[in-house]
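Notes to accompany the following structure.
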Amino acid sequence: ASPPESRLYDVEYVDTGDFEADSASTFNFEGAWKDGSWLLQGEYTRNFVRTGSGERTYSARYVQLSYFITGESRPYNRSSGTFGKLIPGRPYHWGDEPGGALEVALRFSAIDLRNQDNPGGLQEDITLGATWYPRENIRVMLNYVTGHVDAIGDTLGSRAKGRFNIVQTRVSFEF
């Protein structure tokens, strides 16, 4: 099951529902490329589920490109294979001129739960986002998500068909 690129409510547009499975295997690939203020990252997941009536396959993927307009670069730790916390080059202080780091991003994501035995649906989203990091422990995010869903399921949310648009903001503090 999957909601749109928003966790503000409990509706899941695509859903396989519950079914008996004998075994399941997952293949997952993720990667990232960074060059200065640019970051390209993506992930692909494929699930193989064996049932009494045969094998079902499901997939999900995303690719995201982001850029720091203010020139910062997200730190990367090669030994752990993880990105670190962004620290703005010029932190914002109340009463000063604008400061902090500004990142813009474009993201495409999709989940395909369609299968001949179980039409769980297809959902594709495009997100345009901006994040301002005034200080290393504060983020202010604004996202616009547009997408479409084509689902034929057993629950009200999973029978959705059509387009959706979401505008959301979030302020995050780290202590």
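Does residue 70 count as in contact (Cβ under 8 Å) with a residue 24 or more places away in the chain and in a loop (DSSP other than H, G, I, E, B)?
yes
The rows are residues; the columns are (1) at pLDDT below 90; (2) among the basic types (Lys, Arg); (3) assigned to a helix (DSSP H, G or I); (4) open to solvent by less than 20 Å² (accessible area, probe 1.4 Å).
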{"position": "141", "(1), (2), (3), (4)": "no, no, no, no"}
{"position": "144", "(1), (2), (3), (4)": "no, no, no, no"}
{"position": "147", "(1), (2), (3), (4)": "no, no, no, yes"}
{"position": "170", "(1), (2), (3), (4)": "no, yes, no, no"}
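If I filter the range 69-78 for residues that are surrounded by 13 or more Cβ atoms within 10 Å (Cβ to Cβ), touching a Ser or Thr at 6+ places or on another chain (Cβ under 6 Å) and among the hydroxyl-bearing types (Ser, Thr, Tyr), do I get at least one hit?
Taking every residue of the range 69-78 in turn, at least one turns out to be surrounded by 13 or more Cβ atoms within 10 Å (Cβ to Cβ), touching a Ser or Thr at 6+ places or on another chain (Cβ under 6 Å) and among the hydroxyl-bearing types (Ser, Thr, Tyr).
Please determine whether any residue of the range 82-92 is free of Cβ contacts under 8 Å to residues at least 40 places away in the same chain, assigned to a strand (DSSP E or B) and open to solvent by 50 Å² or more (accessible area, probe 1.4 Å).
The first filter runs over the range 82-92 and keeps only residues free of Cβ contacts under 8 Å to residues at least 40 places away in the same chain, leaving 82, 84, 89-90.
If we keep only those that are assigned to a strand (DSSP E or B) too, we end up with 82.
Of the ones still in play, those that are also open to solvent by 50 Å² or more (accessible area, probe 1.4 Å) are 82.
There is at least one residue in the range 82-92 that is free of Cβ contacts under 8 Å to residues at least 40 places away in the same chain, assigned to a strand (DSSP E or B) and open to solvent by 50 Å² or more (accessible area, probe 1.4 Å).
Which residues, counting only those in the range 121-138, are surrounded by fewer than 20 Cβ atoms within 10 Å (Cβ to Cβ) and of a type in the set (D, E, K, R)?
Passing the criteria: 124, 135, 136.
Just give me the residues in the range 49-59 being open to solvent by 30 Å² or more (accessible area, probe 1.4 Å) and either at positive phi or part of a strand (DSSP E or B) (or both), in sequence order.
Listed by number, the residues that qualify are 50, 55, 57.
If a residue must be in a loop (DSSP other than H, G, I, E, B) and either under 16 Å from residue 141 (Cα atoms) or touching a residue at least 60 places away in the same chain (Cβ under 8 Å) (or both), how many such residues does the range 93-117 contain?
Of the residues in the range 93-117, 5 are in a loop (DSSP other than H, G, I, E, B) and either under 16 Å from residue 141 (Cα atoms) or touching a residue at least 60 places away in the same chain (Cβ under 8 Å) (or both).
Just to be sure, is residue 54 more than 16 Å from residue 132 (Cα to Cα) and not aromatic (Phe, Trp, Tyr)?
Answer is yes for this residue.
The values are calculated or read from the model by the stated rules, or taken from the named source; none is laboratory data. Everything numeric in this text was worked out from a predicted model, so none of it was measured. Glycine gets a Cβ as well: all are built from the backbone with ideal geometry, and neighbour counts include every protein chain shown. SASA here: full protein model, heavy atoms, side chains in, ligands and nucleic acids out. Shrake-Rupley method; radii C 1.70, N 1.55, O 1.52, S 1.80 Å.
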